[in-house]
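These notes concern the structure reproduced below.
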Amino acid sequence: MSSKTKSGLGRVGRAVLEAAQELRDGVDELDFGDGVPWIYNPLQYAWSAHEQYIRRYAMESCQVLFVGMNPGPWGMAQTGVPFGQVAAAHNWLGIDGVIGKPPREHPLRPIEGWSCRRSEVSGERLWGLFKARYGTPEAFFAKHYVANYCPLVFMAESARNVTPDKLPVAARGPLERLCDQHLAQLIKALAPKWVVGVGAWAEGCAKRVATEGVNIGKILHPSPASPAANRDWAGTATKQLQELSIW
């Protein structure tokens, strides 16, 4: 019997999609108090694009799951795709789903979707490496998948990005429980041999969640805020993956 449903979505894709829906709705119910005045949930307003990404690229043949921290303001916040720099998500990955607006939009961080002209450097570097090595997204996703641990964008009143590890402790606990659960669901569905944290923080999340038999590794985060990443990030990440015997 085929593992595909009538809609063409396979067992793995269906499980990943259901997990994302559960996470999408679960984080919307959390109360972050006054500590984080601006929060975007791209799994809500950019769900069309995120669903398209899952349907197209969540494969039963996945061997390596890359996990990032949370959406960047010019990446997944705009496109609904993890590390979703606009050009990479639209032109290389072929994602073109409808992008809406968050209920409250910071005037300095507008959601412009596919019209956004700002480039998410982390996503540009990450997807640029995968494109250079594999050529097509189909070749890359035959053995890999990319996800974020946390789906939410957090901003201070100044519009400064707030990463999940900097949230107040009272708010971080409930969020981590939902995100841990989602990551565990991804690992169960995709059954990868490796979970690779994009950065040390994501690696720590994977170590907390992964079950026995799943290998954990990390690569340098491609953020331009990292001096090390600004010195040949692609070469460094490639070497790290080779040292892990993944590439």
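Laboratory data are not the source of any read-out in this text; all were calculated from the coordinates shown. Since we're looking at a predicted model, the values are computed, not measured. Cβ placement follows ideal geometry from the backbone for every residue including glycine, while neighbour counts extend to all protein chains displayed.
Taking other residues whose beta carbon is less than 12 angstrom from the beta carbon of P71, and scoring Lys, Arg as +1 and Asp, Glu as -1, yields 0. For the range 92-109, backbone phi angles converted through the Karplus equation (6.51, -1.76, 1.60; θ = phi - 60°) give residue-by-residue couplings of 8, 7, x, 7, 9, x, 5, 10, x, 10, x, x, 10, 10, 5, x, 8, 10 Hz, Gly and Pro being listed as x. Residues whose amide H falls under 5 Å from that of E120, counting only those 5 or more places apart or on a different chain, are V86, with hydrogens built in the peptide plane.
For the range 153-162, 3J(HN,Hα) computed residue by residue from phi via the Karplus equation (6.51, -1.76, 1.60; θ = phi - 60°) reads 9, 10, 9, 6, 4, 6, 5, 5, 5, 10 Hz, glycine and proline entered as x.
Over 31 Å between Cα atoms, which of K166/K207; K101/K207; K101/K239 qualify? From the list (K166/K207; K101/K207; K101/K239), the Cα-Cα distance tops 31 Å for K101/K207; K101/K239. Peptides 40-48, 17-25, 168-176 ranked from most to least packed, by the mean per-residue count of other Cβ atoms within 10 Å: 40-48, 17-25, 168-176. Pull out a ≥ b ≥ c, the square roots of the eigenvalues of the alpha-carbon gyration tensor of the range 10-124, then state rounded if a/c is under 1.5, prolate if not and a/b is larger than b/c, and oblate in the remaining case. Oblate, because a/c is 1.5 or more while a/b does not exceed b/c.
Could you tell me the center-to-center distance, by alpha carbons, between the range 204-233 and the range 153-168 in angstrom? That distance is 20 Å.
Let me know the shape class of the range 97-196, please: from the alpha-carbon gyration tensor, a ≥ b ≥ c as square roots of the eigenvalues, rounded when a/c is under 1.5, otherwise prolate if a/b is greater than b/c, or oblate. Verdict is oblate for the range 97-196. Could you tell me which helices of the chain pass both thresholds, a Cα extent of 18 Å or more along their own axis and a mean Kyte-Doolittle hydropathy of at least 0.0, with helices taken as whole DSSP H runs? The answer, listed by residue number, is 169-190. Kindly provide the helix-only [θ] at 222 nm of the chain, computed as the sum of -39,500 (n - 2.57) over DSSP H runs of four or more divided by all residues, to the nearest 500 deg cm²/dmol? Result for the chain: -12000 deg cm²/dmol, rounded to the nearest 500. Is the shape of the range 131-247 best called rounded, prolate or oblate, per the rule: a/c under 1.5 gives rounded, else a/b larger than b/c gives prolate, else oblate, with a ≥ b ≥ c the square roots of the Cα gyration tensor eigenvalues? Since a/c reaches 1.5 but b/c is at least a/b, the shape of the range 131-247 is classed as oblate.
Across the range 218-226, computed HN-Hα scalar couplings (Karplus, 6.51 cos²θ - 1.76 cosθ + 1.60, θ = phi - 60°) run 8, 10, 4, 5, x, 4, x, 6, 9 Hz from first to last residue, x flagging Gly and Pro.
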